[in-house]
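*Asks:* Take this structure, written in structure tokens, and hold onto it; I'll ask about it next.
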Amino acid sequence: MSYQKANHILPRDLLEKIQEYIDGELIYIPKAAANKKSWGEGTSTRQELRLRNEQIYADYLKGESMDRLAEKYFLSFKSIQRIIGQEKKKK
């Protein structure tokens, strides 16, 4: 997210109206609902996590303990349990 100078992008009358409510302060303007992307849609993060979780499950099936998987993937034991449970349901 980057900051834009309001006086460079907003019409003067609109800027003056906004200044009635907030003058010289920072304000966040959220995206319109139609423009929002779901989590991970703009990056490869979802794909990377899916592949990581599949690898965790494959390692588990090969006999690695959940404790070892937690260390190997820098996750909590509970996260490993959750991932393995989710992957079991897919199969």
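*Asks:* Using a 1.4 Å probe over the heavy atoms of the protein chains, calculate the carbon and sulfur portion of the accessible area of the chain as a whole percent.
*Replies:* 53 percent
*Asks:* Relative to the longest principal axis of the C-alpha atoms of the chain, give the angle of the C-alpha long axis of helix 45-61, reported between 0 and 90° and rounded to the nearest 10°.
*Replies:* 10 degrees
*Asks:* Okay, next question. With +1 on each Lys and Arg Cβ and -1 on each Asp and Glu Cβ, and nothing else charged, work out how big the dipole of the range 41-91 is about its Cα centre, in Debye to the nearest 20.
*Replies:* With Lys and Arg at +1 and Asp and Glu at -1, about 240 debye.
*Asks:* Considering the zone a paramagnetic label at Leu15 would reach in this model (a point 7 Å from Cα along the Cα-to-Cβ line), which residues of the range 28-63 have amide N under 19 Å from it?
*Replies:* Within reach of a label on Leu15, which here means backbone N under 19 Å from a point 7 Å along Cα→Cβ, the range 28-63 contributes 28-29.
*Asks:* Taking the Cα centre as origin and putting +1 on Lys and Arg beta-carbons and -1 on Asp and Glu beta-carbons, what dipole magnitude results for the chain, to the nearest 20 debye?
*Replies:* Approximately 680 debye in magnitude.
*Asks:* Accessible area per residue for the chain in Å², computed with a 1.4 Å probe and the full protein assembly in place, what is it?
*Replies:* I get 86 Å² per residue for this part.
*Asks:* Here's something else I'd like to know. Among Leu10, Ala34, Ala58, which residue has its Cα positioned farthest towards the positive end of the charge dipole of the chain, with +1 placed on the Cβ of Lys and Arg, -1 on the Cβ of Asp and Glu, and the dipole taken about the Cα centre?
*Replies:* The Cα lying farthest towards the positive end belongs to Ala58.
*Asks:* Calculate the radius of gyration of the Cα atoms of the chain to one decimal place, then report Dmax, the largest Cα-Cα distance, as a whole number, both in Å.
*Replies:* In order Rg, Dmax, the Cα atoms of the chain give 23.0, 67 Å.
The values are calculated or read from the model by the stated rules, or taken from the named source; none is laboratory data. Computed from a prediction, not measured in an experiment: that's the story for all the values here. Note that we place each Cβ from the backbone using ideal geometry, even for glycine, and neighbour counts take in every protein chain shown. Accessible surface is based on the protein model in full, side chains and every heavy atom, while ligands, DNA and RNA are left aside. Shrake-Rupley method; radii C 1.70, N 1.55, O 1.52, S 1.80 Å.
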